[in-house]
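Undergrad: Pasting a structure here, questions to come.
The values are calculated or read from the model by the stated rules, or taken from the named source; none is laboratory data. Keep in mind that what you see is a predicted model, and the values were worked out from it rather than measured. Here the Cβ is made from the backbone with ideal geometry for all residues, glycine too, and neighbour counts use every protein chain on show. For the accessible areas, the whole protein counts, side chains as well, though only heavy atoms, and no ligand, DNA or RNA atoms are used. Shrake-Rupley method; radii C 1.70, N 1.55, O 1.52, S 1.80 Å.
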Amino acid sequence: MNSIEQTLSIIKPDAVERNLDNEIKEIFKKNGFKILKEKKIKIEKSEAEQFYKVHETKPFYNDLCSYLSSGPIVVMVLEKDNSVLANRELMGATNPKDAAEGTIRKKYGISIDKNSVHGSDSVENAKIEIDFFFKE
Ligand code: IDP
Ligand code: MG
C-alpha cells in the first residue's frame, strides 16, 4: 500500500563544500520528491551528538559528529509516497563502494564517512529528525 510520507534528508558537508547541493536537490525532484522545507545551516558539535545519539557507542561516533558539524549542510523535509524507503533506495548503501549504480552515494560519495547524504531510516525516526531541525 502506498502512503504519502515525509522524511528528513541532509546534504552533508562534503557535498555542500563541492557545491553539489543544487544538483542533488534536482535529483530528488526528478525522482518525484517534493522539497517541503529546506535550510542551509552549520550546526554545533553538541547538536550533531544529539542528532546521532543512536550511534553514541560506535567507535566512529566522535569523528562522525565532528564531521557533520565541520561545515554547512542542507537539511530538507522530503515528501513522496513511501518516501523513507524511496529516499534510502535513491541514496544507496552507507559505503559508497557498495552503493548501486545510479544512487546518490555511488555518484558523489567519497568514503564511508563522507557519503554526501543522510536519510531517515524509518517513519518514526523521520518524525523525530524533522522535529529536531524544523520544530517551531
Ligand atoms: P546511514 O547513513 O546509511 O543510515 P548509519 O549506519 O546510520 O548509516 O551511520 C550513520 C553515518 O555514520 C553514516 O552515514 C556514515 O557517515 C557514518 N558511518 C557509518 N558506519 C561507519 C564506519 O564504519 N566508519 C566511519 N563512519 C561510519
Ligand atoms: Mg542511519
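Undergrad: Ratio of Rg to Rh for segment 14-68, alpha carbon only, Kirkwood? Present the calculation step by step, with values, prior to reporting the outcome.
TA: Working: Rg = 14.1 Å, Rh = 13.2 Å.
Using Cα coordinates only, the ratio equals 1.07.
Undergrad: Next up: Please compute the length gained on full extension between residue 31 and residue 46, using 0.36 nm multiplied by the number of residues separating them and subtracting their Cα-Cα distance.
TA: Numbers: separation 15, 0.36 × 15 = 5.40 nm, distance 3.34 nm.
Using 0.36 nm per residue and subtracting the Cα-Cα distance, I get 2.1 nm.
Undergrad: Cα gyration tensor of the chain, axes a ≥ b ≥ c as square roots of the eigenvalues: rounded (a/c below 1.5), prolate (a/b > b/c) or oblate?
TA: On the way: a/c = 1.40, a/b = 1.17, b/c = 1.20.
Rounded, since a/c falls under 1.5.
Undergrad: Here is a further query. Please identify the chymotrypsin sites (Phe, Trp or Tyr not before Pro) of segment 2-68 that satisfy two criteria: DSSP loop assignment and at most 15 other Cβ atoms within 10 Å. Which are they? Don't skip to the answer; put the middle values down first.
TA: On the way: sites: 28, 33, 51, 52, 60, 61, 67; in loops: 33, 52, 60.
Those that pass, being in a loop and sparsely packed, are 60.
Undergrad: Label residue 93 and residue 4 with points 7 Å out from Cα along Cα→Cβ: what is the distance between them in nm?
TA: 3.5 nm
Undergrad: Report the gain in length on full extension from residue 56 to residue 135: 0.36 nm times residue separation, minus Cα-Cα distance, nm rounded to one decimal.
TA: Values: separation 79, 0.36 × 79 = 28.44 nm, distance 2.33 nm.
Extra length from residue 56 to residue 135 when fully extended: 26.1 nm.
Undergrad: Okay, next question. Can you compute the helix-only [θ] at 222 nm over the chain? Use -39500 (n - 2.57) per DSSP H run of at least 4 residues, normalise by all residues, nearest 500 deg cm²/dmol. Don't skip to the end; give the middle numbers.
TA: Values: 7 runs with 56 residues, N = 136.
Value at 222 nm, helices only: -11000 deg cm²/dmol.
Undergrad: How much accessible area per residue does segment 16-136 have, counting only protein heavy atoms and a probe of 1.4 Å, in square angstrom? It would help to have the intermediate numbers written out before the result.
TA: On the way: 7030 Å² over 121 residues.
So segment 16-136 comes to 58 Å² accessible per residue, rounded to a whole number.
Undergrad: Round to a whole angstrom and tell me the spacing of the C-alpha centers of segment 100-127 and segment 77-96.
TA: 7 Å
Undergrad: Taking the Cβ of residue 7 as the center, what net charge do the other residues with Cβ under 15 Å away carry, scoring Lys and Arg +1 and Asp and Glu -1?
TA: Details: positive: 25, 29, 34, 37, 80, 88, 127; negative: 5, 38, 79, 81, 89, 121, 124, 129, 131.
Residues close to residue 7 contribute a combined charge of -2.
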